[in-house]
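Colleague: A single structure is presented below for examination.
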Amino acid sequence: MSNSMDDSTARLFGEPGKKPSQKNACAACARRKIKCNRQDPCSNCVKSNTVCSFALRTAPSRSRKRLVSQEDLYARLHRYEDLLRKHNIDISLPDNWIHATIKQQDDSSYTVETTSSDTSNASKPAHGQQNWWAELSDELKNPTEQQVPLPQVLGNLSSTYESPYESPVPASPTTTSLLFGSRLESRKLMSHPSPNIVFKIWQYFLDNINILIRIIHGPTMQQDILKAIDNPQDMDNAQEALMFSIYTLVVTSMSAADCLAMLAYEKAHLLAQFRNAAQQALTNANFTSTMDFKVLQALVLYMLSDPDSEETFILSTVAVRISQRLGVTGKDDPKVSVFENEMRLRLWWQLIFLDARAAMARPNVGASLTVAELDKLRLPKNVNDSELYPEMSEPPSEYGRFTDMVLCIMKYDCNSIIRLSKHIPPHARSLRIWSDFYMALAEKDEIIDTVAEHYQKKYLQYCDPKVPLQNYAIIMGNFAISRMKFRAHHPRNNPDWSTPEEIEIMFFHSVRLLEYDNCLRKTKLPQQLVKHLTSKIQIDILICILTGLRRRATGELVENAWKQIEIFYADHTLLVEDTKNTLYMAVGDLALKAWKTRISSSRLHTTPEFILKLLHQRNSMHNSATESHFSPTNLTNGPSLITNETQNKVASSSTPLSMGISLDTPDVDWSFWDGLLSEPSLGGYGQEILGYNIAL
């Protein structure tokens, strides 16, 4: 009894140092391929009255097929080597031999494309290994991106920059692909335009764009363009990125008609091609890790082609960081030439304003630079490009005169005067804070008068209106002063706006602003670089003028006001055509009220076209009683067929959209207009601040 118990216990728990053996199926069950309960004898053998026998489990014999095949392979290899030796053929390894596996890994970093045949011939994994390669996507199996070895990217960096810290994560040469996509150097960029077209683009850039930014030195760049045209195969990535960025900026700045006439291509098609090529060229130049000043110039030009986009909002901060890494921070570097220091300073100032413009257009976003960094900046030299050259050893002299740097330096000068004013404390001198800083109206007027006096004394007195660039300076300078006055005295910022004196000031500067806005729109200046000056206050200007015209029927300023309004309406047809826009309809009602005041005078006035359209529109929509007076036939016969009596009736009537609006009084209800202007679709016209309209 005890022996059987010991045996069963030993079988159950096992004896120390001894593993219980696991039975196989009996021979009969294994042969019949049925389940065996592994008892001795098993149940199947008992039922069939068969002898039940169990064989000990043994490890399966290792197949010698592989060993035999390897031995056969070695035997054949030795036989081939003997044959080679008999024929005096050297079979020793060369000195530059690289193991096939290592060479394959090394070459993979330079491979541009892997064909499908190469993939299909890849070696299969050994038995028992998972085939990870088969599970990869085609994009990862056959990458089109050329992986540039890290030493090649950082080769120039090591000689000029030595970081005191070592990053635990190796730098990636393909960080640029996160912004613009992968590098495609295996595929050629689109061909550059013909030399004739290139020179037309370059001349347009010099005449209409570079005068506003001055980050490209004309004489030097022209030499580089000539070299690139003569030997396009020798053009490096930096020069190519710079040229495609110029192409993109120029086509963006052209009107559709000018683009077709000058370049013989549709603007939309050409812009899409140049923009994609500029992105690819910047990617090929590795702009996120570049140490080339040209690449930074190309990036800034690319951003200026669409300065208000979300892409530029992100890239402007990237550009600031790239500049700081390059040492382009507005400080003179004794290690570089006088010429390069000046060009760096010009670029840095432009980048500061581009970054601030992107930040100020978005709530709760600050500029990238601190107050201390801004205070240490000097202004660029007010000199012509012809006075700068790479070989110069001394900075050029400045003296009182007009230069081709004037449009840039006026903007930078104005910003410095305002920031360093005694009315703005040091802690509020950043581009964002000082623009939000509260000041009394008298203090604002004092600052604006200081800027106006400085402009006149230093710049405008040397300007000749007959010279295009100098005429631009006159327009921009006077426009800046009127805009600052308009914002300072606007009812939103001025609690005493209802006094007669303040009303006259607002009307005067509103008319001047609209006139300058119309002038700027008619110039060849790139609209994407100047539209932010007025785009968010145009409706405010229009409301102020039309409200003022309800009080005034005659006078030189009144005549000019109606002239400028007619030009503005002709250039902005949606103000009449978009009948679903509540704001536009309300402004149209206000215009009709102002026109009622004008025709009430004894003088005979020709009805402007936009007034005719508004009258016809309101009549057809809301006043069927007078519909016969505004038939298409009558409209084509001229404005004289529309009598003052009829115009008075339509202008006096209120459309459903204007019901509840206090348009019957000459005083403007800004709470109503602010409600319309604050609509997100309108870009927050009514939320502008003085600072935004001073500096940018």
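Colleague: Determine the pairs where a residue that is free of Cβ contacts under 8 Å to residues at least 24 places away in the same chain, located within the stretch 581-609, has a partner that is surrounded by fewer than 21 Cβ atoms within 10 Å (Cβ to Cβ) and of a type in the set (D, E, K, R) with Cβ atoms under 7 Å apart, the partner being 6 or more residues away or on another chain.
Modeller: Close Cβ pairs satisfying both conditions: 584/578.
Colleague: Which of the helices (runs of 4 or more DSSP H) found entirely inside the stretch 6-99 contain at least 2 residues meeting this: in contact with a strand residue (DSSP E or B) (Cβ under 9 Å, 6 or more places away or on another chain), at pLDDT below 55 and not polar (S, T, N, Q)?
Modeller: Ranges flagged: none.
Colleague: Quick one: which of 323, 245, 309 is out of contact with any Leu (no Cβ under 8 Å at 6 or more places or on another chain) and of a type in the set (Gly, Ala, Ser)?
Modeller: After applying the criteria, what remains is 309.
Colleague: Mind listing just one residue for me: the one in the stretch 286-316 that is hydroxyl-bearing (Ser, Thr, Tyr) and in a loop (DSSP other than H, G, I, E, B) and, of those, modelled with the lowest pLDDT?
Modeller: The selected residue is 309.
Colleague: For the stretch 436-488, which residues satisfy the criterion of being among the small types (Gly, Ala, Ser) and part of a helix (DSSP H, G or I)?
Modeller: 442, 452, 473, 477, 480, 482, 488
Colleague: Just checking, which of 485, 411, 422, 444 is of a type in the set (Lys, Arg) and farther than 30 Å from residue 565 by Cβ?
Modeller: 422
Colleague: Which one is modelled with the lowest pLDDT, of the residues in the stretch 417-432 that are over 31 Å from the mean Cα position of the chain (by Cα) and not hydrophobic (A, V, I, L, M, F, W, C)?
Modeller: Looking at the filtered set, the residue picked out is 426.
Colleague: Right, here's the next one. Considering only residues that are among the aromatic types (Phe, Trp, Tyr) and either crowded, with 20+ Cβ neighbours inside 10 Å or more than 15 Å from residue 490 (Cβ to Cβ) (or both), which ones fall in the stretch 507-544?
Modeller: If the condition is that a residue be among the aromatic types (Phe, Trp, Tyr) and either crowded, with 20+ Cβ neighbours inside 10 Å or more than 15 Å from residue 490 (Cβ to Cβ) (or both), then 507, 516 are the ones that fit.
Colleague: Mind checking which residues of the stretch 491-516 are farther than 20 Å from residue 440 by Cβ and at pLDDT below 90?
Modeller: Once the filter is applied, which keeps residues that are farther than 20 Å from residue 440 by Cβ and at pLDDT below 90, the stretch 491-516 yields only 500.
Colleague: Also, quick follow-up: Condition first: hydroxyl-bearing (Ser, Thr, Tyr) and over 21 Å from the mean Cα position of the chain (by Cα). Can you find one or more residues in the stretch 272-293 that meet it?
Modeller: no
Colleague: Across the stretch 286-329, which residue is farthest from residue 249 (Cα to Cα) among those that are of a type in the set (Gly, Ala, Ser) and out of contact with any Pro (no Cβ under 7 Å at 6 or more places or on another chain)?
Modeller: Here the residue is 327.
Colleague: Tally up the residues in the stretch 545-557 that are closer than 18 Å to residue 606 by Cβ, among the hydrophobic types (A, V, I, L, M, F, W, C) and surrounded by fewer than 21 Cβ atoms within 10 Å (Cβ to Cβ), please.
Modeller: 1
Colleague: Being part of a loop (DSSP other than H, G, I, E, B) and charged (D, E, K, R) is the filter here, so list the residues in the stretch 489-503 that pass it.
Modeller: The initial filter retains those residues of the stretch 489-503 that are part of a loop (DSSP other than H, G, I, E, B), namely 490-499.
492, 496 - these are the residues of the stretch 489-503 that are part of a loop (DSSP other than H, G, I, E, B) and charged (D, E, K, R).
Colleague: Quick check: anything in the stretch 252-275 hydrophobic (A, V, I, L, M, F, W, C) and in contact with a Leu (Cβ under 6 Å, 6 or more places away or on another chain)?
Modeller: No, the stretch 252-275 has no match at all.
Colleague: Being out of contact with any helix residue (DSSP H, G or I) (no Cβ under 9 Å at 6 or more places or on another chain), modelled with pLDDT under 90 and more than 22 Å from residue 455 (Cβ to Cβ) is the filter here; which residues of the stretch 374-416 pass it?
Modeller: Of everything in the stretch 374-416, just one residue is out of contact with any helix residue (DSSP H, G or I) (no Cβ under 9 Å at 6 or more places or on another chain), modelled with pLDDT under 90 and more than 22 Å from residue 455 (Cβ to Cβ), namely 376.
Colleague: Then there's this: What is the residue count in the stretch 233-289 for residues that are acidic (Asp, Glu), under 20 Å from residue 194 (Cβ atoms) and surrounded by fewer than 23 Cβ atoms within 10 Å (Cβ to Cβ)? Steps first, answer last, please.
Modeller: Narrowing the stretch 233-289 to residues acidic (Asp, Glu): 234, 236, 240, 258, 266.
Okay, now just the ones that are also under 20 Å from residue 194 (Cβ atoms), so 234, 240, 258, 266.
Subsequent filtering for residues that are surrounded by fewer than 23 Cβ atoms within 10 Å (Cβ to Cβ) retains 234, 258, 266.
Going through the stretch 233-289 one residue at a time, the tally reaches 3.
Colleague: Something else now. Check the stretch 504-522 and report whether any residue there is assigned to a helix (DSSP H, G or I) and touching a residue at least 60 places away in the same chain (Cβ under 8 Å).
Modeller: No, the stretch 504-522 contains no residue that is assigned to a helix (DSSP H, G or I) and touching a residue at least 60 places away in the same chain (Cβ under 8 Å).
Colleague: Among the residues of the stretch 558-569, what is the count of those that are crowded, with 20+ Cβ neighbours inside 10 Å and among the β-branched types (Val, Ile, Thr)?
Modeller: Adding up the residues that qualify gives 2.
Colleague: If you check residue 569 against the conditions, is it over 19 Å from residue 594 (Cα atoms), at pLDDT 90 or above and of a type in the set (Ser, Thr, Tyr)?
Modeller: For residue 569, the condition - over 19 Å from residue 594 (Cα atoms), at pLDDT 90 or above and of a type in the set (Ser, Thr, Tyr) - is not met.
The values are calculated or read from the model by the stated rules, or taken from the named source; none is laboratory data. The model shown is predicted, which means the values in this text are computed figures rather than measured ones. So basically every Cβ, Gly included, is an ideal-geometry build from the backbone, and we count neighbours across all protein chains shown.
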